[in-house]
1. If each of ALA140 and ALA295 carries a label point 7 Å out from its Cα toward its Cβ, how far apart are those two points in nm?
2. Which residue fluctuates the most in the chain, going by a Gaussian network model with Cα springs under 10 Å, if the choices are LEU166, LEU231, LEU271?
3. Can you tell me how segment 42-145 classifies by the Cα gyration tensor, rounded, prolate or oblate, using a/c under 1.5 as the rounded cut?
4. Treating cross-link reach as a plain straight distance, find the aspartates and glutamates whose alpha-carbon is under 19 Å from the alpha-carbon of LYS88, omitting any fewer than eight places away in the same chain.
5. What's the longest uninterrupted piece of the chain once you rule out the GluC sites (Glu not before Pro) that are loop residues per DSSP with at most 15 other Cβ within 10 Å?
6. Using the per-residue mean of other Cβ atoms lying within 10 Å as a proxy for protection, in what order, highest first, do the peptides 120-126, 200-206 fall?
7. Can you say what percent of the DSSP beta bridges in the chain, counting only those with both residues inside, are antiparallel? Round to 5.
8. Rank MET55, PRO29, VAL40 by how far each Cα sits towards the positive end of the charge dipole of segment 22-65 (+1 on Lys, Arg Cβ; -1 on Asp, Glu Cβ) and give me just the farthest.
Amino acid sequence: MTDQNQQILLAGRPEGWVEARHFRLEQGPIPEPGEGEVLVRNHWLSLDPYMRGRMSDAKSYAEPVALGAVMVGGTAGEVVVSRDPHFKPGDQVVGMLGWQLYGVAPGRMLQKVDTTHVPLAAYLGPVGMPGVTAWYGLNAICEPKTGETVVVTAASGAVGSVVGQLAKAKGCRAVGVAGGAEKCRYVVEELGFDACVDYKAGKLKDDLKAALPRGVDCLFENVGGEIFDALLARTNAFARIALCGMIADYNTTDPYCMKNVRTVLINRLKLQGFIVSEHMEQWPVALRELGGMVAAGKLHYRESIAHGLENAPEAFIGMLKGRNFGKQLVKLV
């Protein structure tokens, strides 16, 4: 064990695009766990779009990260010291210990995981928060029926890739939207979607029309903006929309003005936003299904990996700009 902790702190609140100057790397002592607490050496750090919202002090569903505080984030690592009888050194755990090498948390805030058949990093992706997000939004909100068309935006990402595969397993037609020919090939050829529209090709409306001859019954929306607007126009009557993310607007000072909102009324759509952490009662069922699928090789995923905590800010900025392929992680050991 090294004798120093490394942490990345929030140094400033961005207006528009996040820049490296909004973060600060610091070193300090390794924290000591108190009674009922556990010290963890983080092996993996998860980078996710929601973190952009936590950098802002605008009103939201969660408190912002304070200036000078460790950036929030999911982690997976190994117990070093435990003062909780339910954990022992060497246990593999996931938690929310943030952008740092070592973290302390109450035992009740950590989840012990089995890495026999599922890699540790996967507990931050398809068998973690992104996977449960996909599972909940699809099953609880979209409620797809066999033969229906399910559309997923950001289809090659950590959430979208799982949504499409779960939809296929339910007998649905899965259509993705992704940025670039390479990502669309991956979505169709490796993930098994029926079609994928490249929104960067410059023919968004025409390509959506061609890919969706029977319209949209379920939409899992991760992007927002022009893509969401164009898909609203393709919805069928009584379609269901799980509004998971609006990444197109996270870094802009001039949000896109929706033109097809009246479709919600005309087609009697169900449109529901959700925060997966508000539905913890569903996590055990979701994780059992997702873990079983990954262990059996029935749920495919891809990871983009940055190496070293010091490279987390650049990887995060790249993810917000769509440079990542699949789940964005930082390897800390």
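Computed from the coordinates by the stated procedures, all read-outs in this text should not be read as laboratory data. This one's a predicted model, so the numbers in the text were calculated from it and none came from an experiment. A quick note on method: Cβ atoms are made from the backbone with ideal geometry, for glycine too, and the neighbour counts reach across all protein chains shown.
1. My value for the distance between the label points is 2.4 nm.
2. LEU271
3. oblate
4. GLU32, GLU35, GLU37, GLU78, ASP114
5. Looking at the chain, 36-189 is the longest stretch - no exposed GluC sites (Glu not before Pro) with at most 15 other Cβ atoms within 10 Å.
6. Highest to lowest by the protection proxy: 120-126, 200-206.
7. 55 percent
8. It is MET55.
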